[in-house]
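Just below is one structure, and these are the notes that go with it.
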Number of protein chains: 4
Amino acid sequence: MPRYTGRVTGTPAHGGRPRSERARVAVLHAVDDLLVEIGYAAMTMKGIAQRAGVGRQTVYRWWSTKAEILFEASVIDAASELAPDPQDTTAEDVTAYLEAVSRFLTGSAAGAAYRALLGEAQHDPAVAGLLATTDLLGDSARPVIERAIGRGDLPAQTDVDQAVAQLVGPLFFRVVSGYRDQALSPRRLAADFLRRPPMP
Amino acid sequence: MPRYTGRVTGTPAHGGRPRSERARVAVLHAVDDLLVEIGYAAMTMKGIAQRAGVGRQTVYRWWSTKAEILFEASVIDAASELAPDPQDTTAEDVTAYLEAVSRFLTGSAAGAAYRALLGEAQHDPAVAGLLATTDLLGDSARPVIERAIGRGDLPAQTDVDQAVAQLVGPLFFRVVSGYRDQALSPRRLAADFLRRPPMP
Amino acid sequence: MPRYTGRVTGTPAHGGRPRSERARVAVLHAVDDLLVEIGYAAMTMKGIAQRAGVGRQTVYRWWSTKAEILFEASVIDAASELAPDPQDTTAEDVTAYLEAVSRFLTGSAAGAAYRALLGEAQHDPAVAGLLATTDLLGDSARPVIERAIGRGDLPAQTDVDQAVAQLVGPLFFRVVSGYRDQALSPRRLAADFLRRPPMP
Amino acid sequence: MPRYTGRVTGTPAHGGRPRSERARVAVLHAVDDLLVEIGYAAMTMKGIAQRAGVGRQTVYRWWSTKAEILFEASVIDAASELAPDPQDTTAEDVTAYLEAVSRFLTGSAAGAAYRALLGEAQHDPAVAGLLATTDLLGDSARPVIERAIGRGDLPAQTDVDQAVAQLVGPLFFRVVSGYRDQALSPRRLAADFLRRPPMP
DNA sequence: GGCTAATCGAGACGGTACGTCACGTCTTACT
DNA sequence: AGTAAGACGTGACGTACCGTCTCGATTAGCC
């Protein structure tokens with residue numbers, strides 16, 4: 001799991017000590033760990049810095065809020081969890097995707113981070129803007145829809161955005177609105193989704 | 001708008017000054033106002049007390065967190081916003097309901113409160129528990145589903161919980177995941193929902 | 001120890017429930033107990049009322065401050081502790097009195113109450129005024145001085161107030177300024193006092 | 001009046017912003033001012049911080065209680081007020097000292113601070129311990145006694161601690177027990193003290 | 001024996017200080 | 001110049017007690 005390896009800032013323009021890669025990675029790992037150990041609400045900038053063995057100022061220099069750190073630490077990497085291998089039939093393809101979504105939202109650490117940020121975004125416009133830069137679920141669902149269209153299992157004129165919402169929405173609703181435990185069956189949702197194509 | 005009129009606690013068993021209805025209503029109104037004016041995140045227990053012209057201890061005596069106050073202030077009353085008059089045909093009935101949901105989630109003050117609480121619930125189990133006591137969207141969608149079954153427009157063996165998720169989920173997903181502006185069409189969602197009845 | 005038996009207020013002018021003697025005594029005992037158990041600083045009006053099994057308003061109705069209650073509870077009765085039986089010789093008389101003072105200031109519960117109030121009086125004029133109504137040590141020392149004058153062991157023109165201060169002051173200073181443990185010898189103080197009679 | 005110039009803490013071992021001398025001095029001056037303006041009882045940690053233009057946490061970081069601040073602010077410096085220049089004769093020396101004591105206890109701001117702390121010490125062991133670190137009156141009286149012994153005006157075997165109490169006690173008693181106004185004459189007290197030496 | 005009125009215990013009321021915590025900024029010495 | 005450390009001013013946290021108020025219940029003297 002080779003994470004946090006890409007440099008974010010280039011070589012500094014002129015002079016000065018370069019940004020410490022060690023510090024950057026330590027902060028991202030600290031956020032990951034703390035999310036699991038104490039949860040998003042209990043995380044503090046101070047705690048993150050201490051856990052990372054890093055000065056407080058260093059954290060503020062590169063990130064504004066814990067949401068930003070968490071976003072960089074978890075959410076981007078999370079895209080891979082939402083990209084299962086394409087399957088031979090559309091039914092299997094869609095089912096596999098919905099299973100991935102379900103696993104992501106209920107079981108994965110990255111999913112927990114995503115839900116935490118999503119929650120914060122409901123009342124913090126800054127976080128909302130942050131999340132808006134990456135339509136995590138939408139971007140992962142779109143290829144599935146497009147493969148189905150390509151195979152002729154959905155009409156060519158399908159409104160992709162609406163189809164995405166119809167595909168992901170039911171699962172998303174159940175998890176986010178609090179009924180995490182009584183998950184819906186991805187197989188049955190996939191079948192219903194495909195039974196009759198969305199209207200153009 | 002005759003809100004906050006019901007007494008919450010009965011007459012005390014014996015002795016003691018009774019709870020001040022004035023204070024209770026003042027707090028609930030203060031929370032309503034502050035949610036609109038400064039938003040959920042900026043609301044503090046201290047600010048609520050001051051705005052209500054009430055002692056801080058008095059707030060803590062009856063509510064533990066701002067989430068609890070907001071819940072009592074907004075969410076219960078919100079149910080009415082989600083109960084449009086039944087329509088003659090199932091298509092119109094479902095469409096009217098989805099329009100109400102859309103209005104509630106994007107335009108209403110009570111809906112803003114609900115989304116704020118929903119957000120908090122993603123990382124605060126106490127708030128999650130609070131919301132679990134009232135399945136706001138589910139409870140409002142169920143009668144719509146049941147009316148459709150009664151009319152024979154959905155199969156009698158329909159899994160109601162799944163149908164609720166399929167009905168509400170797409171809209172919910174779009175709003176909560178941040179695409180509040182590019183709303184989906186309730187009419188088209190209703191049509192698709194009915195063309196593609198959930199499998200039993 | 002027949003304490004707290006006198007009525008403080010007379011019969012009311014007309015009608016009304018009379019003051020409860022039970023409540024009055026309960027409060028005074030509660031203050032006595034609490035002073036020993038938790039100390040003056042930790043005593044609160046609320047705690048006194050609860051300990052006495054009495055309403056808070058009832059306490060406030062009859063006393064303004066905890067100092068007032070403590071004064072009524074302990075200090076007045078304390079006078080008896082400072083009035084040892086007169087002795088045959090002046091030396092023995094003065095020694096016996098200083099022993100009583102020493103015991104009162106360092107060992108007695110009433111003495112602890114007195115010191116607590118004396119302390120409060122250093123920065124609370126109300127308490128200072130309260131204590132000024134009864135010159136506890138002065139009133140008890142004056143008879144001793146006067147007996148000594150009567151026996152001819154002090155000059156007839158002795159300034160009694162100054163003599164009182166010279167008699168009591170050394171012990172008082174040691175105790176109040178914090179050297180409670182290394183008490184002075186009443187016998188030696190008495191001897192010095194009499195060898196060095198105050199100048200008129 | 002070059003007060004509050006000594007550093008209390010040394011240079012930190014490594015790193016970290018050093019303690020702000022500005023904040024330290026501001027707090028000590030604020031306590032001095034507030035003692036005079038509103039009195040000890042009305043002083044609060046919050047008020048001190050505000051008056052000093054300093055964060056509340058900063059006050060707590062360096063002092064635990066207002067007593068501790070007041071002690072550092074006033075009492076140590078007070079020693080100078082209790083050290084009048086030695087006089088040629090013992091009678092004048094003792095008289096000058098008692099006059100200084102009288103002035104300190106009744107007229108000086110540092111004396112007011114000392115009495116306030118002394119009062120608090122009667123019911124707060126922590127303050128008692130604080131005051132025990134500096135025997136303000138004892139330490140100032142001892143040189144006077146020793147000079148008198150040196151001049152042969154007191155016997156060589158004099159019990160110095162007892163002599164201190166006998167010297168300072170009468171004045172102390174009058175002031176602390178509430179009769180601040182009707183002060184005793186330092187001259188007469190000095191004369192009586194020296195008329196016949198204390199017994200060894 | 002009913003009326004009047006002040007008391008009683010209880011406990012909620014609006015305030016305010018407590019001591020703690022995290023915020024985001026700053027000022028050091030060190031690398 | 002960037003870093004770890006940690007003090008800085010700010011302000012919310014939840015608790016405790018303040019002194020006041022509002023209850024229903026009680027307890028006397030008076031008609």
Which members of the stretch D:77-91 meet the condition of being surrounded by fewer than 18 Cβ atoms within 10 Å (Cβ to Cβ) and closer than 22 Å to C:GLY169 by Cβ? D:ALA79, D:ALA83, D:ALA91
If I filter the stretch D:15-25 down to residues being of a type outside the set (D, E, K, R) and in a loop (DSSP other than H, G, I, E, B), which single residue comes out as modelled with the lowest pLDDT? D:GLY15
Tell me yes or no: at least one residue of the stretch B:85-95 is away from DNA strand E (no atom under 11 Å from the Cβ) and of a type in the set (A, V, I, L, M). yes
Of (1) surrounded by 15 or more Cβ atoms within 10 Å (Cβ to Cβ); (2) on the phi > 0 side of the Ramachandran plot, A:VAL54 fails just (2)
Residue among C:ALA49, C:ALA73, C:ALA26 that alone is over 24 Å from C:ALA132 (Cβ atoms), away from DNA strand F (no atom under 11 Å from the Cβ) and among the aliphatic types (A, V, I, L, M): C:ALA26
Do any residues in the stretch D:43-67 that are over 18 Å from D:PRO18 (Cβ atoms) and within 14 Å of chain C (Cβ to nearest Cβ) have Cβ atoms under 6 Å from those of residues that are within 9 Å of DNA strand E (Cβ to nearest atom) and among the basic types (Lys, Arg), where the two are at least six apart or on different chains, and which pairs are they? D:MET43/D:LYS66
Counting just the residues of the stretch D:169-200 that are within 8 Å of another protein chain (Cβ to nearest Cβ), touching a residue at least 12 places away in the same chain (Cβ under 8 Å) and within 17 Å of C:PRO186 (Cα to Cα), which one comes out surrounded by the most Cβ atoms within 10 Å (Cβ to Cβ)? D:PRO170
Considering (1) more than 15 Å from DNA strand E (Cβ to nearest atom); (2) at pLDDT below 95; (3) closer than 23 Å to B:LEU118 by Cβ, say which one B:ALA41 fails and leave the rest. (1)
If you scan the stretch D:92-110, which residues turn out to be touching a Gly at 6+ places or on another chain (Cβ under 9 Å) and surrounded by fewer than 22 Cβ atoms within 10 Å (Cβ to Cβ)? D:ARG103
Being within 26 Å of D:GLY111 (Cα to Cα) and surrounded by fewer than 16 Cβ atoms within 10 Å (Cβ to Cβ) is the requirement here; does C:GLY129 meet it? yes
Might you let me know whether the stretch A:113-128 holds any residue that is more than 19 Å from the chain's Cα centre (by Cα) and over 20 Å from B:SER102 (Cα atoms)? no
Here are the criteria: (1) under 13 Å from the mean Cα position of the chain (by Cα); (2) within 16 Å of DNA strand E (Cβ to nearest atom); (3) of a type outside the set (Gly, Ala, Ser). Tell me which single one B:ARG56 does not satisfy. (1)
All positions within the stretch C:26-60 that are polar (S, T, N, Q) and not in a helix (DSSP H, G or I): C:THR44
Condition check: in contact (Cβ under 8 Å) with a residue 40 or more places away in the chain, more than 19 Å from B:ASP192 (Cα to Cα), more than 10 Å from every other protein chain (Cβ to nearest Cβ) and in a loop (DSSP other than H, G, I, E, B). Does B:PRO86 satisfy that? yes
Out of the residues in the stretch A:107-125 meeting the condition of being hydrophobic (A, V, I, L, M, F, W, C) and more than 9 Å from every other protein chain (Cβ to nearest Cβ), tell me which one is farthest from A:SER64 (Cα to Cα). A:ALA109
Boolean, C:GLY39 is within 16 Å of DNA strand F (Cβ to nearest atom), over 19 Å from the mean Cα position of the chain (by Cα) and within 13 Å of another protein chain (Cβ to nearest Cβ): no
If A:ALA96 satisfies all but one of (1) of a type in the set (A, V, I, L, M); (2) outside any helix (DSSP H, G or I); (3) in contact with an Asp or Glu (Cβ under 8 Å, 6 or more places away or on another chain), what's the number of the condition it fails? (2)
Residues of the stretch B:44-53 satisfying the condition of being more than 9 Å from DNA strand E (Cβ to nearest atom) and basic (Lys, Arg): B:ARG51
Does B:ALA83 fit the bill of being closer than 26 Å to A:PRO125 by Cα and touching a helix residue (DSSP H, G or I) at 6+ places or on another chain (Cβ under 9 Å)? no
Against the condition modelled with pLDDT of 90 or more, under 17 Å from the mean Cα position of the chain (by Cα) and more than 10 Å from chain B (Cβ to nearest Cβ), how does A:PRO143 come out, does it pass? yes
Looking only at the stretch B:61-70, and only at residues there that are assigned to a helix (DSSP H, G or I) and near DNA strand F (Cβ under 10 Å from one of its atoms), the one that is farthest from the chain's Cα centre (by Cα): B:ARG61
Restricted to the stretch B:79-108 and to residues being in contact with a Ser or Thr (Cβ under 7 Å, 6 or more places away or on another chain) and among the small types (Gly, Ala, Ser), the residue nearest to B:ILE38 (Cα to Cα) is B:ALA79
Which of (1) under 20 Å from A:LEU131 (Cα atoms); (2) of a type in the set (D, E, K, R); (3) touching a helix residue (DSSP H, G or I) at 6+ places or on another chain (Cβ under 6 Å) is the odd one out, the single condition B:ARG151 does not satisfy? (1)
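The values are calculated or read from the model by the stated rules, or taken from the named source; none is laboratory data. Quick caveat: nothing in here was measured; it's all calculated off a predicted structure. Here Cβ is always computed from backbone atoms with ideal geometry, including for glycine, and neighbour counts include all displayed protein chains.
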